[in-house]
Amino acid sequence: MVAHLNLGRIYFIKDEMESARQQLNEALHLAKAIENKHHLKDVLSHLIHVYAKLGDYKKAFENQQEYQITREELYDSRIDRKLAEIQFQHDLENKQKETEIERLRNVELKAEKEKSDSLLKNILPDAIAEELKNTGKAEPKLLEQVSVLFTDFVHFTQTSEGMSPQALVNELHCLFKAFDEIAQRHHLEKIKTIGDSYMAAAGIPHPDTQHARNAVAAALEIASFMSGKKFEIRIGIHSGPVVAGIVGIHKFQYDIWGDTVNTASRMESSGAPGRVNISEATYALVKEHYHTEYRGEIAAKNKGMLKMYFVIP
C-alpha cells in the first residue's frame, strides 16, 4: 500500500497523471481492505488533485467528499496536532533528501563541466578556449611577431619499416609527449603533428618579446633529447607574422597560416640531422644570446636563396 502511494506521489510530481491515478487507486483499494483510515485519508487527498489534473471533476468531487468523511471520522484536535507534527517531520526529511539530491546533482554537473573544460583546453590554447566558451566563436588574429618551429624525422619511412604498427605508434607517442613537455616549459604552443612532423610556435596566442629565444631553447632541448634515439631529427625555425585561428566546426583545431609557416618548414627541410637550422629573421633576434654558424645562402623549395644559420648548442 505504502509503495503504491509513494509511486503515485512520484508520478504526480513527474506530471504522469494516468500512472499516478492507477497507483493511488491500488493504494486506495488496499487501505479500504485493511480499514486503515490514516492511509485512506492520505490517498484520497492525492486522488483529489490527480483527478482534477485529469479534468475528471466528478471523481475529484467524490474523492473530496469521501476524504472529508474519513477525516471527520478519524481526527479530533489532538490527533490533528500529532499528525501535523508527523507531517512536518516527513516534509523536513523530504526537504533534506531533496537538498542532498540537489547537492549531489550539482557536484556531478560541476565534475562534467570541469571535464569538458579540461578537454577543450587540451585541444585549444586557454585564451582561445575561454573565448569560444564565452562567445561561441574565436576570431582569427594577426600576430606580428611569432617564431614557428618545425621538426621532422630523417628517413622516417625506411627507419620505421621494421617496426610493427603498435610499436611505431608507441614510439611516436613517447617522442611527441616529450616534445609537448619541452614546448610547455619554454612557453611554446603546440599547433599539430602531421605524420612524423611536429609543429609549435612561440608568441601565440599572446605576444611575447622572448618568442625567438624561447623557440630556440625548445629546439635545442628537443635535439638533445633525440640524441641517441632510433630516429634522427631535423629542426627548423623562422620568425615573422602569422594569422592564427580555429579551423572547421567538427574536430576543430587551432592553427596558424602565412609565409612565416612556409619558411619555417623550409628551414627544417633544409637543415641537417641533429641540428637546429634558423632563418636570418630568427638569427637577428637571438644572435646576442646564442652562438651560431652561418651556412651562407641556401636554395629552399619555392623560396629561392635564403640565408641560414645553425645554432651551436
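Among K177, K190, K229, which is the only one that is without any contact (Cβ under 8 Å) to a residue 60 or more places away in the chain and assigned to a helix (DSSP H, G or I)?
Every option except K177 fails the conditions.
Check off (1) surrounded by fewer than 15 Cβ atoms within 10 Å (Cβ to Cβ); (2) modelled with pLDDT of 75 or more; (3) at negative phi for T151 and give me the number that stays unchecked.
Result: T151 passes all but (1).
Any idea which of A219, A200 is touching a Phe, Trp or Tyr at 6+ places or on another chain (Cβ under 9 Å) and under 20 Å from A281 (Cβ atoms)?
That would be A200, the only listed residue that is touching a Phe, Trp or Tyr at 6+ places or on another chain (Cβ under 9 Å) and under 20 Å from A281 (Cβ atoms).
Would you tally the residues in the stretch 212-245 being farther than 29 Å from E171 by Cα, of a type outside the set (G, A, S) and crowded, with 17+ Cβ neighbours inside 10 Å?
Looking only at that region, the number is 1.
Scan the stretch 205-240 for residues that are farther than 19 Å from S270 by Cα and either of a type in the set (F, W, Y) or at pLDDT below 95 (or both) and jot them down.
The answer is P205, H206, P207, F225, G228, K229, K230.
Taking the stretch 275-298, which residues are crowded, with 17+ Cβ neighbours inside 10 Å, of a type outside the set (F, W, Y) and not in a helix (DSSP H, G or I)?
Of everything in the stretch 275-298, those that are crowded, with 17+ Cβ neighbours inside 10 Å, of a type outside the set (F, W, Y) and not in a helix (DSSP H, G or I) turn out to be R275, V276, N277, I278, S279, T292, R295.
The values are calculated or read from the model by the stated rules, or taken from the named source; none is laboratory data. These figures come from a predicted structure and were not determined experimentally. Virtual Cβ from ideal backbone geometry, glycine too; neighbours counted across all protein chains shown.
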